[in-house]
Every structure is written in C-alpha cells, then in structure tokens.
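*Asks:* Take this structure, written in structure tokens, and hold onto it; I'll ask about it next.
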Amino acid sequence: MHTDFLGNPFYCDDDAVARGVGDFVEGFLAYETKAVNVLAAADAAPGCALAGAYAAFLWMFAEAPGAEEKAAPYLASAEAAAATGPITEREEMTIAAARAWVSGDLAGAAAASEAASARFPRDLTMLKIFQYLRFNEGDSPAMLRAAQRALAADPANAETAYLHGMLAFAYEQCHLLTEAEESARRALALKEKEPWAQHALAHVMLTEGRIDEGAAFLHGVKASWTDLNSFMDTHLWWHLALFELSRGRMAEVLSIYDEHVWGQDKDYSQDQVGAVALLARLEMAGADVSDRWEDLAPYLEKRTGDVVNPFLTLQYLYGLARAGRGHSADALMRSIDAAAAAEPSSGAHEETYAEEGVWTGVARPAAHGLLAYARGEHGKAARALGRALPRMVEAGGSHAQRDLFQLIHEDALVKSGDLVAAQQLLEQRRRAAPGDVAVNATLKDVYKGLGLEPA
C-alpha cells in the first residue's frame, strides 16, 4: 500500500511505479509535465490498477479522435488488476469514471468522478476531472458546488493551494469575482507557483478591466512558469498577450505569439486553438500577422473530422478558413453538420431552437457565421453568430476564450454597416475596459459613421 502526496492510499507493489502514480497526481494538479510519467508506470506494472486508470485519463485529455483507442488498453489493464488483486473503494470509483469516459459516456464520467470526489474529498484528482468535464458543458455552478463541498468536507483541503485554485476558477466562471480573487490569493499565499490560481486571477483582472494591473501581475509571476505542460505555459502567455493587446502593444503581442504561444506542441488541441484565437484577435485589432496563418494551417488540416469538442472545432474551422484552406474548412463544416444531424433533437424547428442540442443550436450556426466572416460575408456572419451567442457557454471554453466569438460578431456588425447594433455592444465592452486601445479606435470610427461626435 502506498499513498499519494495528498495522503490518498492505493495498492501498488513497486516503489518506482508508485512514484509514477504520484507524479500524475501532483503533475496533473500543478499542470506539470511530470504527469506523463504515469504512462511508463502503467506500462511497467499492469498490475497497478490506479496507474492504468490514470494513464487512460491522460490519453483522454488529448481531446482528439483516437484518444479512446489509446486509452482503452490502459483501462483494460486497470480493470484486470482490479479483478485479480486488492483494490480500494477509491480505486474502484476511479476506474468507473475512466470506463465511462473512454466509452463516450461523458455524463456517466462526470457522475462517477463527482461521486468519487464526494466520497473521498481529499482526492483532488477526481475533483479536477469532474470540473474539467463540467467546464466543457458550461456548467460552472456544478464546478463550484463540488469544490466547496471538498473544502468543507476535509480540513486538510483548506491548506492545499490546488483546491483554492479550483475554487477561484469556478467562482470566476460563475461571475463571482470578489470570491474568485480571494480564493486565488489564498492559493498563491500557500503556493506562489500555483498556475491555475494565477490563471484565475488573470481572468478576474481581465473581466474587471484592470489591464495594467493584470499585465504587471503576470509579468511578475512568469518566472515561476517552469516545468509546465504546453497547455498551461502557452495559456498563461496567451493571457498576458490579451493584456498587452488591450494596451495596444502589437509588436509585443506578436513576439509573445512567436516565442511562447505557438511552437511548443503544435499537434495539441489547446495549443492550436490558443494560436487561432490570438491571431484572430490581433487581426481584428489591426495588426499584420504576416504568414502566421500559413504556418498554423498544416496542423489544422488534420482536424477536418474532429468533432470531439465544439469549442475546439469552431476554432479549427476559423483557422482553416482564415488560412485559405477552403476545401479543408468545407470538409470540417460537413463534419459539424453531421454531428448536428446525429443529435436526437436535430430535427427541431426554428421556434424550438432553445431545445436543440449543442451541435445543432450552437456549433452549427456559429460555424456558418465564422466561415462567412472569414470569407468576407459580414452580414451573414453577424446574423449566424447572433443566433449562436446566447447559448455559446454550452460549447465549452472560458469567458475569456468565448469572447473571441463575441469580438468577431461585433466586427462583423461594423463591417456589414450595422453601426447601431455595433455601437450598443462596443460601448458595453468599453465600459468593462475603458482603456482598451482597439475598442476605442473602433468606436471612434463607429461614431463617425453614425454622424455623431466621438464619445
């Protein structure tokens, strides 16, 4: 019997393999590369059930077609070990969650991971997995309830930075910004290098328009961004780029893109969408991104059948269209249409739009809007995106990430000549960030087009 660094027991006969399991737990919570050590551990000791289950989870986080096939042997190993050897109840519940996820039952995986976290509140791995699954559905209150329950159920969690980081992000996604900042700062007081708490605090500052403060904060902690996996490292730099973009520092943002956002793991989903979103924002702010779309396109062309996650798929589509890969963009659009058609509610009429599934009611109209925008059909883009935006939270992604679609919608309104609607939305944006350079420049042109003095 061994324990992970949180004190959770598990069966394993080999000390080295047990260290691999521990590396996954701590690396997963800390977004560090050592989490992948569990793959070697599972390969070395198929009799360690928890190593197999964690390895299966790791593959599912690839967020790509074929992940299930990579995860399946590890899940089978975990199940075989559970059937023949000693195993704890916690390990059994972990395997159940992995089984549901690998089989495509996301609701079952969320229910199983929540049950494990509730039964064993010190198991922050299962809490994190639950939050991830609910985040992809836009269910922020569920993320918050689970984290609050873990905090209340085990006194040790009050002294664990990772739990406060999870609380902070859940609060922020629920628009509870004061509570989010308090939790983030509590996490950072316990552990300065807690990237998820740093990330949550950056979200708060961005949402509240604290642009200079946010940039200073991330510049102040960036020295701690060591040993992070590509998602966390590129994503923290992406957030810093948003602050600098708001300050109008285009050259610095392009430098961040080239040196930190694009290039670490070009095959990974999150790295790809971070690059797409930042290039799109740069262009809408008036920057020349040169041939950067062309460099990104070959990696996106591998995604023409990828409908694993609607939030990710929409950005693959925009990147392909913006890079001029029309055939590939059209192929991915057909995949989106097929995913929508496969939903039980796909035959719903316009008047029952709110009852449609996420592919039908959100991803498909958004995809048509993004394609239209990339191809210069701005009126069509504004109409299609306007239909999708009220439910965009269901597609996944954070507030800051989904704001890309709102930005494109606003730009489409301006470029299609619907300045009345554009003025309304852009003034709301300026109220949140009064000093945003690009927003102020756009509003100046909008007021000129409306025959009004600049506000």
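*Asks:* Along each of the three principal axes of the Cα atoms of the range 342-455, give the extent in whole Å, ordering the values from largest to smallest.
*Replies:* Principal extents (largest minus smallest coordinate, Cα): 51, 26, 24 Å.
*Asks:* Still on this structure, I have one more. With Kirkwood's inverse mean 1/r over C-alpha pairs for Rh, give me the Rg to Rh ratio of the range 1-62, two decimals please.
*Replies:* Over the Cα atoms of the range 1-62, Rg/Rh equals 0.93.
*Asks:* For the range 163-236, report the % of Cα-Cα distances exceeding 20 Å.
*Replies:* Beyond 20 Å sits 22 percent of the P(r) for the range 163-236.
*Asks:* Run the helix sum for the chain: -39,500 (n - 2.57) per DSSP H stretch of 4+ residues, divided by residue count, reported at 222 nm to the nearest 500 deg cm²/dmol.
*Replies:* The helix contribution divided over the chain gives -21500 deg cm²/dmol.
*Asks:* Determine by what factor the alpha-carbon radius of gyration of the range 32-172 differs from 2.2 N^0.38 Å, reporting the quotient.
*Replies:* 1.02
*Asks:* Also, I was wondering about something else. For the range 378-455, what relative contact order do you get, as a whole percent, if you take Cα pairs closer than 8 Å and at least 6 residues apart?
*Replies:* It rounds to 26 percent for the range 378-455.
*Asks:* Which value, in Å², gives the accessible area per residue of the chain when a 1.4 Å probe is used on the protein heavy atoms?
*Replies:* Per residue, the chain has an accessible area of 39 Å².
*Asks:* In terms of Cα to Cα distance under 26 Å, which lysines are near enough to residue 193, apart from those fewer than 8 places away along the same chain?
*Replies:* 34, 128, 222, 266
*Asks:* Can you list the HN-Hα couplings for the range 152-164, worked out from phi with the Karplus curve (6.51, -1.76, 1.60; θ = phi - 60°), rounded to whole Hz and with x for Gly and Pro?
*Replies:* Here the 3J(HN,Hα) series is 6, 7, 9, x, 5, 5, 5, 9, 10, 4, 5, 5, 5 Hz.
*Asks:* Ok, one more. Using alpha carbon centroids, what distance separates the range 217-276 and the range 27-50, in Å?
*Replies:* Answer, in whole Å: 26.
*Asks:* Also: Taking the chain, how much of its Cα-Cα pair set, in percent, is spaced more than 27 angstrom apart?
*Replies:* Result: 55 percent of Cα pairs exceed 27 Å.
*Asks:* Express in Å², to the nearest 10, the accessible area of residue 144 obtained by rolling a 1.4 Å probe over the protein heavy atoms while all chains stay in place.
*Replies:* 20
*Asks:* Ordered by residue, what ³J(HN,Hα) values in Hz, to whole numbers, does the range 240-256 give under the Karplus form 6.51 cos²θ - 1.76 cosθ + 1.60, where θ = phi - 60° and Gly and Pro are x?
*Replies:* Calculated HN-Hα couplings, in order: 4, 4, 5, 5, 5, 5, 4, 7, x, 8, 4, 4, 5, 5, 4, 5, 4 Hz.
*Asks:* Something else: Once amide H atoms are placed 1.01 Å from N in the peptide plane, what residues at a sequence separation of 5 or more from residue 32, or on another chain, have their amide H within under 5 Å of its amide H?
*Replies:* Amide H neighbours of residue 32: 229.
*Asks:* Just need the relative contact order of the chain here, percent rounded to a whole number, with Cα pairs under 8 Å and 6+ apart.
*Replies:* 10
*Asks:* Which whole-Hz couplings ³J(HN,Hα) result when phi for each residue of the range 180-197 is put into the Karplus expression 6.51 cos²θ - 1.76 cosθ + 1.60, θ = phi - 60°, listed in order with x for Gly and Pro?
*Replies:* 4, 5, 4, 5, 5, 5, 5, 4, 6, 5, 7, 8, 4, 8, 10, x, 5, 6
*Asks:* Quick one: what do you get for the range 261-399 if you divide its Cα Rg by 2.2 N^0.38 Å?
*Replies:* Normalised by 2.2 N^0.38 Å, the Cα Rg of the range 261-399 equals 1.02.
*Asks:* Still on this model: Given the C-alpha centroids of the range 356-389 and the range 170-199, what is the distance between them in whole angstrom?
*Replies:* A separation of 33 Å, based on Cα centres.
*Asks:* Can you tell me the relative contact order of the range 178-283? Whole percent, Cα pairs under 8 Å, sequence separation 6 or more.
*Replies:* 21
*Asks:* Starting from the amide H of residue 357, placed 1.01 Å from N in the peptide plane, find each other amide H under 5 Å away whose residue is 5 or more places distant or on another chain.
*Replies:* So residue 357 has HN proximity to 345.
The values are calculated or read from the model by the stated rules, or taken from the named source; none is laboratory data. Quantities reported herein were computed from a predicted structural model and do not represent experimental measurements. The area values use the complete protein model at the heavy-atom level, side chains included, leaving out ligands, DNA and RNA. Shrake-Rupley method; radii C 1.70, N 1.55, O 1.52, S 1.80 Å.
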